[in-house]
Amino acid sequence: MEIDFENVRQLMISTIPHMAAVGLDLISLDDSGVVAKIPHRPEFVGDPDTGVVHGGIVTVLLDSLSGMCVVPKLPDGTMVATLDLRIDYLKPALSGQDIYAHAHCYKTTRNIAFTRAIAYQGDIDDPIAHASGSFMMTATDKSVMKPA
């Protein structure tokens, strides 16, 4: 499926306010998944004593990208909503560094998409968190999703 990357990027910012609010920057989106980052901002620090970034910022990134990585697998006119998202926090996200994430959809059924994602700072092989999710796919035009 051909994806208009710039159109998706603009749509994300204009229709999903929390993505724009945290400055989520879409880096790539294709059939292999999606990569994005949230640039560091001092207000993201959850513990001023340690400088650790609040886990909610990591959650926004992982949830948003997990839903977004399903898009290349969908027919036009299909919406996606989070059913379940499990995040394991492996180490603190440190202040002063951007947070990156990669998410991919590894399985779709007629109504559900299954995803995996990883968040990291600098080295993808040293993650700060990983996630697995399931997402409901709903056709806005009922003729789009036909039984298999």
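Descriptive notes on the structure:
- Residue ID - farthest from residue 137 (Cα to Cα), chosen from residues in the range 66-89 that are outside any helix (DSSP H, G or I) and of a type in the set (S, T, N, Q): 82
- Of everything listed in (1) touching a strand residue (DSSP E or B) at 6+ places or on another chain (Cβ under 7 Å); (2) free of Cβ contacts under 8 Å to residues at least 24 places away in the same chain; (3) closer than 27 Å to residue 6 by Cα, the single unmet condition for residue 58 is (2).
- Filtering 71, 53 for residues that are of a type outside the set (Asp, Glu), surrounded by 14 or more Cβ atoms within 10 Å (Cβ to Cβ) and under 17 Å from the mean Cα position of the chain (by Cα) leaves a single hit, 71.
- Answer from 117, 113, 139 - the residue that is modelled with pLDDT under 90 and either of a type in the set (Gly, Ala, Ser) or surrounded by fewer than 17 Cβ atoms within 10 Å (Cβ to Cβ) (or both): 139
- Only listed residue being touching a Phe, Trp or Tyr at 6+ places or on another chain (Cβ under 9 Å) and within 21 Å of residue 26 (Cα to Cα), chosen from 131, 81, 103: 81
- Residue in the range 111-128 that is among the charged types (D, E, K, R) and not in a loop (DSSP other than H, G, I, E, B) present: yes
- Residue match in the range 86-104 (condition: at negative phi, at pLDDT 95 or above and out of contact with any strand residue (DSSP E or B) (no Cβ under 7 Å at 6 or more places or on another chain)): yes
- In the range 60-91, the residues that are touching a helix residue (DSSP H, G or I) at 6+ places or on another chain (Cβ under 9 Å) and of a type outside the set (Phe, Trp, Tyr): 60, 61, 64, 68, 71, 78, 80, 81, 82, 85, 87
- Matching residues in the range 20-62 - criterion: being among the hydroxyl-bearing types (Ser, Thr, Tyr) and assigned to a loop (DSSP other than H, G, I, E, B): 32, 50
- Restricting the range 90-103 to residues that are in contact (Cβ under 8 Å) with a residue 60 or more places away in the chain and in a strand (DSSP E or B) leaves a set whose member that is surrounded by the fewest Cβ atoms within 10 Å (Cβ to Cβ) is 102.
The values are calculated or read from the model by the stated rules, or taken from the named source; none is laboratory data. Please read all numbers here as calculations on a predicted model, not as lab measurements. Virtual Cβ from ideal backbone geometry, glycine too; neighbours counted across all protein chains shown.
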